[in-house]
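Q: Got a structure for you, written out below as structure tokens; questions coming shortly.
Taken together, the values in this text are just the output of simple stated rules run on the coordinates, not laboratory data. What you are looking at is a predicted structure, and each value in this text was computed from that prediction instead of being measured. Glycine also receives a Cβ, built like all others from the backbone with ideal geometry; neighbour counts cover every protein chain displayed.
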Amino acid sequence: MRTRTAALGILWALLYCAPAAAFQGSKQREDPNTRSVQGIVEDANGTLVEGAVVQLKNKKSLQVRSFITQKDGVYYFHGLSTDVDYELRAEHKGRSSATRTLSVFDSRRKAVINLKLEDKN
């Protein structure tokens, strides 16, 4: 009887403490040297654009990553270095946005940069 009570006590402690320990572990694993950027792509009328290609260019390595927006017009890039400048630009059906920069001086961990498509002249 005593071992059964002890086993139930251990099981209860594991079930009660495990979620808290898992949550703390995920907080500790966040890398302070990374950040993310997200935003929306809209046309000149303010309509969200599905299928726009958003390009993110690392200004140090010149590597380019791409994201294709869904119906909500949202794009998202994560795992970005805090010590690198990035350029963002969107394109869709012959229209493109102005190039925007996410600077090393921007201290936001989750930056929001919205992009607006303009007609080519």
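Q: Which of the aspartates and glutamates could be linked to Lys71 by a straight reach, that is with a Cα gap under 18 Å, when you skip same-chain ones fewer than 8 residues away?
A: Straight-line reach from Lys71, under 18 Å: Glu42, Asp43, Glu50, Glu91.
Q: What list of ³J(HN,Hα) couplings, whole Hz, do you get for the stretch 82-96 from phi and the Karplus terms 6.51, -1.76, 1.60, once you set θ to phi - 60° and write x for glycine and proline?
A: For the stretch 82-96, the Karplus-derived couplings read 7, 10, 9, 7, 10, 10, 10, 7, 10, 9, 6, 6, x, 10, 9 Hz, x marking Gly and Pro.
Q: Label-point separation (nm) for Ala44 and Val84, each offset 7 Å from Cα along Cα-to-Cβ?
A: 3.5
Q: Taking the Cβ of Val104 as the centre, find all other residues whose Cβ is under 11 Å away and add up their charges (Lys, Arg: +1; Asp, Glu: -1). Intermediate values should be presented prior to the final figure.
A: Working: positive: Arg35, Lys59, Lys60; negative: Asp83, Asp85, Asp106.
Residues near Val104 contribute 0 overall.
Q: Counting Lys +1, Arg +1, Asp -1, Glu -1, what net charge surrounds Gln63 among other residues with beta carbon under 13 Å of its beta carbon?
A: +2
Q: Sticking with this structure for a sec: Given all pairs of different Cα atoms, what value in angstroms does the Kirkwood hydrodynamic radius of the stretch 34-118 take? Spell out each step's value before the answer.
A: Working: mean 1/r = 0.0787 Å⁻¹.
Kirkwood hydrodynamic radius for the stretch 34-118: 12.7 Å.
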